[in-house]
Amino acid sequence: MIVDQLGRQFSNLRISLTAACNYACTYCVPDGKRLLAADAELNAEEMIRIVRLLIAAGGISKVRITGGEPLLSPKFDEILPAVMQLGLKDVSVTTNGQLVPRKADLIINSGLRRINVSLDTLDADKFRSIARSGDLATVLKGIELLRNAGLKIKINMVPMRHKNEDQILPLLDYCLQRGIELRFIELMNMGHLQHSALHDTQFFSMQEILDLISSRHTFARADAPFDSTAARFEIPGDGFFGIIANESEPFCRTCTRLRVSSNGFLYGCLSNSKSYDLREVLRLPEALALAKLQQRLHSALRDKQTVSFRGEVTVMKFIGG
Ligand code: SAM
């Protein structure tokens with residue numbers, strides 16, 4: 001087990017299956033162009049081997065399959081069932097939900113228990129202005145399919161000033177009525193937002209979210225696992241919601257996340273663009289690969305921030321949001 005001075009270790013792996021996405025969300029890409037696969041993306045077999053090696057070398061116990069849009073990649077059909085067989089404590093998927101109706105059988109039959117669906121609004125026009133693609137009704141249909149199959153669903157919403165902050169309460173009601181936990185993600189200063197005024201003008205803080213919710217609901221802080229990124233709140237009798245408050249309540253000191261990009265680079269911190277090429281590790285026999293990987297993990301753990309989230313020019317879809 002590799003542990004740093006703050007007692008942090010890597011236990012949560014996020015693996016980006018592809019950088020390609022069928023959306024072009026305003027907070028993710030600047031120009032409205034949909035995203036293409038990165039050069040030399042790993043194939044399914046290579047990705048599965050990396051996950052196996054990281055379990056053995058780094059003590060990874062939880063894996064989240066993400067992207068880009070993971071369901072867009074043909075590799076998803078092979079990787080999800082394979083990762084489900086690795087004996088992990090937890091496997092989850094983050095998706096924008098657009099392809100869920102097409103992939104519902106595969107997802108349900110894989111035995112997956114948890115899934116996060118990103119949804120920033122229940123208003124079809126706002127949906128298209130934020131995602132710049134896709135269809136809201138299809139996402140809602142996908143959510144119902146998964147809910148009916150008994151999967152535990154979380155919905156991720158990025159509230160933005162003058163864009164969708166009026167959707168905070170409708171989305172919360174939608175989720176509470178369905179036993180879904182809504183998680184608000186404070187707008188992160190990632191990618192193109194690093195060089196634009198957009199982050200500061202659109203940033204909607206944890207306190208502002210809580211103020212808005214308190215106009216309708218009574219809630220109290222709830223327990224969350226120590227390495228959770230979300231502050232959790234309970235609305236007694238109605239359910240829970242969470243806020244991933246990267247800026248208002250940074251969680252760097254307890255962060256256990258490790259990311260592998262779709263082209264095989266290891267990232268220890270979202271606020272640090274330093275990365276380590278794992279393709280050379282893939283060329284080595286098992287014992288040497290494990291030793292090399294441990295060196296890489298030591299370096300990646302040193303890249304973690306300790307205090308507050310700075311953000312980076314790295315685009316989320318490359319390294320797995
Ligand atoms: N395509 C999948 C999806 O939409 O869920 C997975 C990848 S996406 C990059 C993962 C998550 O990152 C989404 O919930 C998205 O809202 C979030 N995200 C991307 N850029 C962000 C930013 N600048 N600030 C906050 N959240 C961001």
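The values are calculated or read from the model by the stated rules, or taken from the named source; none is laboratory data. Computed from a predicted structure; not experimentally measured. Quick reminder, even Gly has a Cβ in these numbers, built from the backbone with ideal geometry, and neighbours come from all protein chains shown.
Some values worked out for this structure:
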quantity: Unique residue being under 16 Å from the mean Cα position of the chain (by Cα), crowded, with 16+ Cβ neighbours inside 10 Å and part of a helix (DSSP H, G or I) when the list is Leu71, Leu54; calculated: Leu71
quantity: Number of the exception - Arg253 against (1) farther than 30 Å from Leu36 by Cβ; (2) modelled with pLDDT of 90 or more; (3) outside any loop (DSSP other than H, G, I, E, B); (4) under 19 Å from the mean Cα position of the chain (by Cα); calculated: (2)
quantity: Boolean, Ser92 is within 23 Å of Pro225 (Cα to Cα), within 13 Å of the ligand (Cβ to nearest atom) and small (Gly, Ala, Ser); calculated: yes
quantity: Positions within segment 160-196 being part of a loop (DSSP other than H, G, I, E, B) and over 15 Å from Glu234 (Cα atoms), in sequence order; calculated: Arg161, His162, Lys163, Asn164, Glu186, Leu187, Met188, Asn189, Met190, Ser196
quantity: Single match in Leu266, Leu290, Leu284 (criterion: in a strand (DSSP E or B), over 30 Å from Ile180 (Cβ atoms) and modelled with pLDDT of 95 or more); calculated: Leu266
quantity: Boolean, Glu186 is touching a residue at least 12 places away in the same chain (Cβ under 8 Å), acidic (Asp, Glu), more than 10 Å from the ligand (Cβ to nearest atom) and surrounded by 16 or more Cβ atoms within 10 Å (Cβ to Cβ); calculated: no
quantity: Boolean, Ala137 is surrounded by fewer than 15 Cβ atoms within 10 Å (Cβ to Cβ), of a type in the set (A, V, I, L, M) and closer than 16 Å to Leu99 by Cα; calculated: yes
quantity: Filtered residue count, segment 111-134, keeping only those that are surrounded by fewer than 19 Cβ atoms within 10 Å (Cβ to Cβ) and over 17 Å from the mean Cα position of the chain (by Cα); calculated: 10
quantity: Residue satisfying all of: in segment 117-128; away from the ligand (no atom under 12 Å from the Cβ) and touching a residue at least 40 places away in the same chain (Cβ under 8 Å); nearest to Lys33 (Cα to Cα) among these; calculated: Lys126
quantity: Among (1) crowded, with 20+ Cβ neighbours inside 10 Å; (2) within 10 Å of the ligand (Cβ to nearest atom) - the single one His192 does not satisfy; calculated: (1)
quantity: Test: residue in segment 72-86 that is within 11 Å of the ligand (Cβ to nearest atom) and at pLDDT 95 or above; calculated: yes
quantity: Pairs with Cβ under 8 Å, 6+ apart, first in segment 24-36 and farther than 16 Å from Ser196 by Cβ, second of a type outside the set (A, V, I, L, M, F, W, C) and not in a loop (DSSP other than H, G, I, E, B); calculated: Leu35/Lys317
quantity: Enumeration of residues in segment 204-231 that are in contact (Cβ under 8 Å) with a residue 40 or more places away in the chain and either outside any loop (DSSP other than H, G, I, E, B) or of a type in the set (Phe, Trp, Tyr) (or both); calculated: Phe204, Met206, Gln207, Glu208, Ile209, Leu212, Ile213
